[in-house]
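The values are calculated or read from the model by the stated rules, or taken from the named source; none is laboratory data. Keep in mind that this is a model prediction, so the values were computed, not measured. Glycine gets a Cβ as well: all are built from the backbone with ideal geometry, and neighbour counts include every protein chain shown.
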Amino acid sequence: MTIRLMIIDDSAAIRGVYARMLEDQANIKIVASLGDPRDAIKQIPSINPDVVSLDVEMPGLSGLEALPEIRRVAPNVKVVMLSTLTQRGSKTSVEAERLGAAALLQKPGLGMNPAEFKRIFCAKLAELA
């Protein structure tokens, strides 16, 4: 089974990192990569992703504000929140779970090996699909 993934992150560089990270994964197909959550919400019904990766901090409409709208237009899509703010038990994590996030992952940063993040991210996508 191929997992249809939509990436929503205001940083084109981060979207590119995720795309390069996942390009060798035969079971994951990036069906859209968007910087504006409002555009993504409009496109989700026609693109029909299985999973959406959603950045928490974005200008204009944050991931936490976009999450209920994504759940409204596509109640069956799984949403993975990605941020430096999604540490387990944080206020952001608790709110994301309350709003319907299927998973919360911390973006790779200091102290996290990119290969380890890739392994965790791919495993979480497979688990959700």
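Is it the case that MET112 is over 12 Å from the mean Cα position of the chain (by Cα), of a type outside the set (S, T, N, Q), within 22 Å of ILE28 (Cβ to Cβ) and outside any helix (DSSP H, G or I)? Yes, satisfied.
With respect to the conditions (1) on the phi < 0 side of the Ramachandran plot; (2) surrounded by fewer than 21 Cβ atoms within 10 Å (Cβ to Cβ); (3) touching a helix residue (DSSP H, G or I) at 6+ places or on another chain (Cβ under 8 Å), MET112 lacks only one, and its number is (3).
Within the range 47-74, being part of a loop (DSSP other than H, G, I, E, B), surrounded by fewer than 19 Cβ atoms within 10 Å (Cβ to Cβ) and among the acidic types (Asp, Glu) holds for one residue alone: GLU57.
Whenever a residue of the range 97-123 is within 14 Å of TYR18 (Cβ to Cβ) and among the hydroxyl-bearing types (Ser, Thr, Tyr), it has no partner that is at pLDDT below 95 and surrounded by fewer than 15 Cβ atoms within 10 Å (Cβ to Cβ) lying with C-beta atoms less than 9 angstrom away and at least six residues away or across chains. In this structure, VAL56 does not satisfy being out of contact with any His (no Cβ under 9 Å at 6 or more places or on another chain) and more than 20 Å from ALA12 (Cα to Cα).
Scanning the range 36-64 for residues that are in contact (Cβ under 8 Å) with a residue 24 or more places away in the chain and acidic (Asp, Glu) gives ASP36, ASP50, ASP55, GLU57.
Of the residues LEU110, LEU104, only one is at pLDDT below 95, of a type in the set (A, V, I, L, M, F, W, C), in contact with a Lys or Arg (Cβ under 9 Å, 6 or more places away or on another chain) and over 12 Å from ILE8 (Cα atoms); which?
Numbers: LEU110 fails: in contact with a Lys or Arg (Cβ under 9 Å, 6 or more places away or on another chain).
From the options LEU110, LEU104, the qualifying one is LEU104.
Would you be able to say whether some residue in the range 75-88 is surrounded by fewer than 20 Cβ atoms within 10 Å (Cβ to Cβ), modelled with pLDDT of 95 or more and within 20 Å of LEU125 (Cα to Cα)? Looking through the range 75-88, at least one residue is surrounded by fewer than 20 Cβ atoms within 10 Å (Cβ to Cβ), modelled with pLDDT of 95 or more and within 20 Å of LEU125 (Cα to Cα). ILE7 falls short on exactly one of the conditions (1) part of a loop (DSSP other than H, G, I, E, B); (2) in contact (Cβ under 8 Å) with a residue 24 or more places away in the chain, and that condition is (1).
Taken together, the criteria exclude VAL94 from residues that are out of contact with any His (no Cβ under 9 Å at 6 or more places or on another chain) and at pLDDT 95 or above.
Figure legend. Inter-residue proximity from the range 11-24: first residues under 19 Å from MET81 (Cβ atoms) and in contact (Cβ under 8 Å) with a residue 24 or more places away in the chain, second residues outside any helix (DSSP H, G or I) and of a type in the set (A, V, I, L, M), beta-carbon distance below 6 Å, spacing 6+ or different chains. Indicated pairs: TYR18/ILE7; LEU22/ILE28.
A Cβ distance below 8 Å, combined with a sequence gap of six or more or placement on separate chains, defines the contacts here; from the range 80-91, residues that are part of a strand (DSSP E or B) reach residues that are of a type in the set (Gly, Ala, Ser) and at pLDDT below 80 in the pairs MET81/SER93.
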